[in-house]
Each structure stands twice: as C-alpha cells, then as structure tokens.
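The values are calculated or read from the model by the stated rules, or taken from the named source; none is laboratory data. The model shown is predicted, which means the values in this text are computed figures rather than measured ones. Neighbour counts are summed over all protein chains in view; Cβ atoms, including those assigned to glycine, are modelled from backbone coordinates with ideal geometry.
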Amino acid sequence: MNSKHLSPPIDESKGIIVDLGTGDGRFVYQSARQNQHRFYLGIDASANSLEKISEKIHRKPAKGGLKNALFIQAAVEALPEELDGIADEVHIHFPWGSLLKGIATGDETMLKNIHRICAPDAVLEVIIGVDPERDATELQRLGISNLSEDFIATNLAKRYQDCGFQINEIGSFPAGQWPNICTSWAQRLGTNDKRSLVYFTATAAAYAA
C-alpha cells in the first residue's frame, strides 16, 4: 500500500479514478469490478481500514482479486508525487475530520494538493452527509458553519476557483431520500432521517500559482 507499488497493469489512457478518504475501500472495489477497463485508486490516511480490502484485491480473480484497483495509505495533505497529474476523476465521499474541514472550508493547501494529482479537465465529485444536530459539536470544532448550496455557489466556489477548480453543479437530497451510493458510509448514514446530503462537482483547470 505504498507509493512505490504504483504500476497500474492496464491502459492508463482508459481512465484513472481516485477515491480520497476511501475508508474501507468499498466504492473502489465495487466500481473496479463493474468497470474493468478503468483503474481505481483508493487513498486513506488510515492503514487499518485498508488492510483487509488491500489483501483481497491481490487474490486470484476467481477469489475476488482485481488487476484494476490499488490502495495507498497517505494523507491528502501529503499525497505522493508519483500521483501528480494521473487522475481523470477524483471522488470524495462522506469526508470527516481534517478532510471534511479542508473540503468544506476551501483550504488552499488541501485543494492545491488535490489539484496536483488531476489530469487536465479532470472531474472532482464531493458528497457530504451531515446531521446538523448530531454533528454540531464536530462541525464547530472543525470551523464549519455552513454547508448550504448557496454557500457552496458563492463563498466556496471562489476558493475552489482560486485553486484551479471550476464548480459546475451543486445539489442536495433531503434526509431519507438519498440516491444509491456504493459506499459503506452511505449505507450507515443514510438510515438517519435527519442527515441530509449535499454534493457538488467541479472541473480541474489551470490556476495561477
């Protein structure tokens, strides 16, 4: 699970998808099984959450092994240089802790690190699920006071633009009406009838360093 093993065994021109804060890796694993012409890379700061799934992908195909998936332990704040410019898509699903703080406040260092791994015109997808009551203490600790669509379209969009991302779609789903998202956290959090979902997508472009 370290960067020196980065040697995708498929044609990279067919698309590389990076899942930041991949957790237990379910999104990467299921997506890689369904789209074997694309290469999926899951990255998480926690090695414990990646150990089981990382072992699984190296099995024989008949036992669940995959040649088009790889997992790496790394913090978003310190992504390996080997990843520079490789990602055609970057997904961030249900971030928490420092990752949520950076994404939801438009932290310059974090956004530029994410931009660094993007190929030209790469797509960034962010999905956040929050219960304003249950998560109030953590959101306050992280300095997150607003996650509305209006806030994303105005305040947050400008910060993303300064770091090379053009936000082009923003939306939300009320509690209890989430779409089908293939992650373990989506299944766990989606049962909470007070937890709403907000999402946005952006395109990576050049920015003035």
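General observations
- Every test in (1) within 24 Å of residue 158 (Cβ to Cβ); (2) among the hydroxyl-bearing types (Ser, Thr, Tyr); (3) surrounded by 14 or more Cβ atoms within 10 Å (Cβ to Cβ) is passed by residue 109 save one, and that test is (3).
- Residue match in segment 38-55 (condition: aliphatic (A, V, I, L, M), out of contact with any strand residue (DSSP E or B) (no Cβ under 7 Å at 6 or more places or on another chain) and assigned to a helix (DSSP H, G or I)): no
- Restricting 59, 33 to those that are in contact with a Leu (Cβ under 8 Å, 6 or more places away or on another chain), outside any strand (DSSP E or B) and more than 22 Å from residue 197 (Cα to Cα) reduces the list to 33.
- Subset of segment 103-146 [among the basic types (Lys, Arg) and more than 22 Å from residue 164 (Cα to Cα)]: 134, 141
- Among the residues of segment 32-53, those that are crowded, with 19+ Cβ neighbours inside 10 Å and small (Gly, Ala, Ser) comprise 32, 42, 49.
- Scanning segment 73-97 for residues that are part of a helix (DSSP H, G or I) and surrounded by 15 or more Cβ atoms within 10 Å (Cβ to Cβ) yields a count of 2.
- Count - residues of segment 116-156 that are without any contact (Cβ under 8 Å) to a residue 60 or more places away in the chain and touching a helix residue (DSSP H, G or I) at 6+ places or on another chain (Cβ under 7 Å): 4
- Within the option set 181, 167, 127, being modelled with pLDDT of 95 or more, of a type in the set (A, V, I, L, M, F, W, C) and either under 25 Å from residue 40 (Cα atoms) or out of contact with any Ser or Thr (no Cβ under 7 Å at 6 or more places or on another chain) (or both) holds for one residue only, 167.
Table: residues versus (1) out of contact with any helix residue (DSSP H, G or I) (no Cβ under 6 Å at 6 or more places or on another chain); (2) touching a residue at least 60 places away in the same chain (Cβ under 8 Å); (3) under 19 Å from residue 204 (Cα atoms).
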| residue | (1), (2), (3) |
| --- | --- |
| 32 | yes, no, no |
| 44 | no, no, no |
| 61 | yes, no, no |
| 87 | yes, yes, yes |
| 102 | no, no, yes |
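- Single unsatisfied condition, residue 132 versus (1) surrounded by fewer than 18 Cβ atoms within 10 Å (Cβ to Cβ); (2) in a helix (DSSP H, G or I): (2)
- Residue identified as assigned to a loop (DSSP other than H, G, I, E, B) and among the hydrophobic types (A, V, I, L, M, F, W, C) among 70, 147, 139: 147
- Residues that are among the aliphatic types (A, V, I, L, M) and either closer than 19 Å to residue 35 by Cβ or surrounded by fewer than 20 Cβ atoms within 10 Å (Cβ to Cβ) (or both) within segment 54-72 comprise 57, 62, 66, 69, 70, listed in sequence order.
- Selected residue (criterion: farthest from residue 103 (Cα to Cα)) from residues of segment 14-37 that are touching a strand residue (DSSP E or B) at 6+ places or on another chain (Cβ under 6 Å) and among the hydroxyl-bearing types (Ser, Thr, Tyr): 31
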